[in-house]
Amino acid sequence: MKKIILSIFLLSVVLFADVKIDTTYSTLGVIAQKIGKDKVSVTVLGSNKYDPHFIVPKPSLLSKLRRADLLIINGGGLELGWLPPLIRSANNANIQNGAKGFLDISHFIPMIDVPTSVSRAFGDVHSQGNPHYSTDPHLVLNIAKAIESKLEELDADNVSYYQQNLDDFTKEWSSYLTKLDSKMSECKVQKVVQYHELFNYFLKRYNIKNYGNIEPLPGIAPSSKHTIKLITMMRKNHIKRILQDVYHEKKTAKFIASKTDAKVVIIPHDKGATGGKTLQEFYSNIADKICQ
Amino acid sequence: MKKKIFLSAFIASSLFADAELDAMKKQLEQQKIITQKLETKLDILTKKVDSKVENVNTSSSFSQNAYLPDIALILNMSAVSRDMKNSDYEKLSIPGFIDEGEMHLPFNKNRGFNLNYAEVAMHSVVDPYFEAFAMFHLHPDEFEIGEAYVQTTALPYGLRVKAGKFKSNFGRENAKHQHSWHFDAQPIIYKALFGPDSISDAGIQVQYIVPTDDYLMLGLEAMQGTNDRSFGDTDANNLYVGYVKSSVDVGDDLSILGGLSLAHGTNTTHHKTDIYGVDLTLRNQFGSYSSLMWQSEFLQRDKDIGSQTTKQAGLYSEMVYQYNNNYSAGIRYDAITKNSDANNLTKYTTMVEFKPFPMSRLRLSYSYDKTKELNGERESINEVMLTLNIAAGAHGAHDY
């Protein structure tokens, strides 16, 4: 009996030797995997087919959080509507806010669109700035570095392994960025509107101007008054591209397109949201869809 | 080979560059020291020693603003139309459970307008080991501590301890606050067994999450047992609650949560009361904003009152369809299934809900209630109600 218990114990130690990482979204998950490779096991909590603000706090997520060594969040308020009660009920001291196994990536990102005043009268505004930074391919390296330093801290035995992975990834990513940047320099689309301010980081990076949003205020469903205003504005400014995400209703965008001769393109907000398994596919997909 | 040469040349050049940089830094440091010395000399010579220190920040020395707790104001109000006079409504009873005039109707009591409550909800991290919560429930003429408790955040092995006054995690609906219910009225079986506050008491709770792939949670609570509908023996603390809850996902969209609960206490006759609960919730997502939720609970009470053990049971089953961010609709069926008089003790409720924003909610509901009795006569009550609920301020997200 003792032997059995001992061997179960040993087995579990061997099986769970990896650093168990939970990430709130897929893009963070795939970057964590690039840095941790075989020494980590990554679980993504929020499915990429859903609105990242409104992930359903299913009890099954509790069992995932319960066993995590490291929780990597997007931050900037994006998880505010679903993650805090889960962290509270997961009974895991490692991943509490402030603990060693809690990593808020937004702390390593120069946030844009930081509001000077915050009130819910302006809709669902995040006081820390626009939290959708993961659409900017240049910020991937910030994310990778932040994850690498955290892994060094948590798993001191494999410091050189993580450093090597980061070096490899940095090289791979830099050469990809060169390609992407040169492709984007030929992009003819310079003016767009979007449903929600999801792609501001990408647009800012490549000097594409966002003229307006289909939702009148962040988190508020489109109104006919606002839609008509938007159509007039788009006609005046000759805007021919509407950026739509996968999870909002698409009727309004299609209606606006029919009135303005613009084209609705469905852009992934997170890795894999419109198919494609790799990080490069994710960003190339955003670029292609906007510029095509 | 070429690469190697190039690389070593590169390294060499960068090394040289580093050495040069270091030398320059050193030089600069030395220059600084010389300048400082000269300045001091000059000051002494000219006797112009400046004794003033410049002000670089003006922080308030004892300010604790950054530690303020999250505070939210929750308001609930209604307009009610009902085919029964207020004076009769207050005298209703539930046969076998609640005697005439003992109903306690905290919410939506009056035909016409009701301000049900203004609640102040507070939450704060205490230190690296504890979190604190409080829910101050304010009626128009009453102040009540709905809940006030601390819970641990740093215990190992998947454990968490809660202490204070709190709502028991018995069943599915018990721990939820009225403002997060899908229907405005409490399920009839809860009302019959526990009254309006459900199982809410001073006590201590321990919860353990088993480290399995699927969610499995075990909980134990020791409570004072002041609820005299089912417990209420005042000689000592008398209530113990235990439960197991588990959940599985079927794909990304369907989640199933089930639980078994037991409450064991001593009632006002100094004899034992046992309450068994079974709950099941299914929720299927049709995208981010649309879902279908089906939640049911069955509760049975065995109450020993000395001369006999009364066995009573009831259930409710509710289904809510969320159409989008703004609209949802639902139906609920309530029934007492086992009682001295269980004949047709049922209630039907239907509602439509409009949420302009996640913090505000308007709900229109209609209910047909056949569970009540007035002066020994069974009554059927029709009720149409419009409620408005808002949560303003820093109010955290709700559990599943």
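The values are calculated or read from the model by the stated rules, or taken from the named source; none is laboratory data. Note that this is a predicted model, so its numbers are computed, not measured. Because the Cβ atoms are built from the backbone with ideal geometry, glycine has one as well, and the counts that use them run over all protein chains shown.
Here's the yes/no breakdown for (1) away from chain B (no Cβ under 12 Å); (2) in contact with a strand residue (DSSP E or B) (Cβ under 6 Å, 6 or more places away or on another chain); (3) surrounded by fewer than 19 Cβ atoms within 10 Å (Cβ to Cβ):
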site	(1), (2), (3)
A:Ala221	no, no, yes
A:Leu230	yes, yes, no
A:Lys236	yes, no, yes
A:Gln244	yes, yes, no
A:Lys251	no, no, yes
A:Ala262	yes, yes, no
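None of B:Glu173, B:Glu147, B:Glu131 is more than 18 Å from B:Leu299 (Cα to Cα) and away from chain A (no Cβ under 14 Å) except B:Glu147. Within the stretch B:251-281, the set of residues being in contact with a strand residue (DSSP E or B) (Cβ under 7 Å, 6 or more places away or on another chain) and within 14 Å of another protein chain (Cβ to nearest Cβ) comprises B:Asp253, B:Leu254, B:Ser255, B:Ile256, B:Leu257, B:Gly258, B:Gly259, B:Asp279, B:Leu280, B:Thr281.
Could you tell me whether any residue of the stretch B:87-102 is part of a helix (DSSP H, G or I), more than 30 Å from B:Gly314 (Cβ to Cβ) and modelled with pLDDT of 80 or more?
Scanning the stretch B:87-102 turns up no residue that is part of a helix (DSSP H, G or I), more than 30 Å from B:Gly314 (Cβ to Cβ) and modelled with pLDDT of 80 or more.
Checking each residue in the stretch B:62-105 for being farther than 25 Å from B:Lys370 by Cα and charged (D, E, K, R) picks out only B:Asp70.
Each row is one residue, and each column tells you yes or no for (1) surrounded by fewer than 20 Cβ atoms within 10 Å (Cβ to Cβ); (2) farther than 30 Å from A:Ala273 by Cβ; (3) of a type outside the set (Ser, Thr, Tyr).
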site: A:Ser117; (1), (2), (3): yes, yes, no
site: A:Ser127; (1), (2), (3): yes, no, no
site: A:Ser134; (1), (2), (3): no, no, no
site: A:His138; (1), (2), (3): yes, no, yes
site: A:Ser149; (1), (2), (3): yes, no, no
site: A:Glu153; (1), (2), (3): yes, yes, yes
site: A:Ser160; (1), (2), (3): yes, yes, no
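Checking each residue in the stretch B:141-169 for being in contact (Cβ under 8 Å) with a residue 40 or more places away in the chain, farther than 14 Å from B:Met223 by Cβ and hydroxyl-bearing (Ser, Thr, Tyr) picks out only B:Tyr157. Here B:Arg363 meets the list (1) modelled with pLDDT of 95 or more; (2) surrounded by fewer than 17 Cβ atoms within 10 Å (Cβ to Cβ) almost entirely, failing just condition (2). In the condition set (1) under 15 Å from A:Asn200 (Cβ atoms); (2) surrounded by 20 or more Cβ atoms within 10 Å (Cβ to Cβ); (3) over 15 Å from the mean Cα position of the chain (by Cα), A:Leu65 is compliant with all but (1).
If you check A:Leu103, A:Leu154, which single one turns out to be closer than 30 Å to B:Leu155 by Cβ and under 16 Å from the mean Cα position of the chain (by Cα)? Exactly one residue qualifies, and that residue is A:Leu103. Take the conditions closer than 25 Å to B:Asp213 by Cα and assigned by TED's automatic domain parsing to the domain that holds B:Glu318 and apply them to B:Asp302. Does it pass? For B:Asp302, the condition - closer than 25 Å to B:Asp213 by Cα and assigned by TED's automatic domain parsing to the domain that holds B:Glu318 - is not met. If we keep just the residues of the stretch B:198-208 that are away from chain A (no Cβ under 14 Å) and in contact (Cβ under 8 Å) with a residue 40 or more places away in the chain, which is surrounded by the fewest Cβ atoms within 10 Å (Cβ to Cβ)? That would be B:Ile204. For the stretch B:359-400, a residue qualifies if it is in contact with a Phe, Trp or Tyr (Cβ under 8 Å, 6 or more places away or on another chain), farther than 18 Å from B:Trp181 by Cα and among the polar types (S, T, N, Q), and the qualifying residues are B:Ser380, B:Asn382. If you go through the stretch B:150-170 and keep only what is outside any strand (DSSP E or B) and facing another protein chain (nearest Cβ under 8 Å), you end up with B:Thr153, B:Ala154, B:Leu155, B:Pro156, B:Gly158.
Restricting attention to the stretch B:132-142, report how many residues are part of a strand (DSSP E or B) and at pLDDT below 95.
Number satisfying all stated conditions: 4.
Scanning the stretch B:80-90 for residues that are within 32 Å of the chain's Cα centre (by Cα) and either free of Cβ contacts under 8 Å to residues at least 24 places away in the same chain or within 22 Å of B:Arg229 (Cα to Cα) (or both) yields B:Tyr89, B:Glu90.
Kindly indicate whether any position in the stretch A:168-183 is over 18 Å from the mean Cα position of the chain (by Cα), surrounded by 18 or more Cβ atoms within 10 Å (Cβ to Cβ), closer than 16 Å to A:Phe108 by Cβ and in the same structural domain as A:Ser41 (by TED's automatic domain parsing). Yes: the stretch A:168-183 contains one or more residues that are over 18 Å from the mean Cα position of the chain (by Cα), surrounded by 18 or more Cβ atoms within 10 Å (Cβ to Cβ), closer than 16 Å to A:Phe108 by Cβ and in the same structural domain as A:Ser41 (by TED's automatic domain parsing). Going through (1) buried (at least 18 other Cβ atoms within 10 Å of the Cβ); (2) modelled with pLDDT under 95; (3) within 14 Å of another protein chain (Cβ to nearest Cβ) one by one, B:Ala392 falls short only on (1). For B:Arg82, the stated conditions do not hold, so it cannot be described as within 22 Å of B:Ser367 (Cα to Cα) and outside the structural domain of B:Ala313 (by TED's automatic domain parsing).
Taking the stretch A:18-100 and the helices (runs of 4 or more DSSP H) fully enclosed by it, the elements with 3 or more residues that are within 12 Å of chain B (Cβ to nearest Cβ), modelled with pLDDT of 95 or more and in contact with a strand residue (DSSP E or B) (Cβ under 6 Å, 6 or more places away or on another chain) are at A:59-66.
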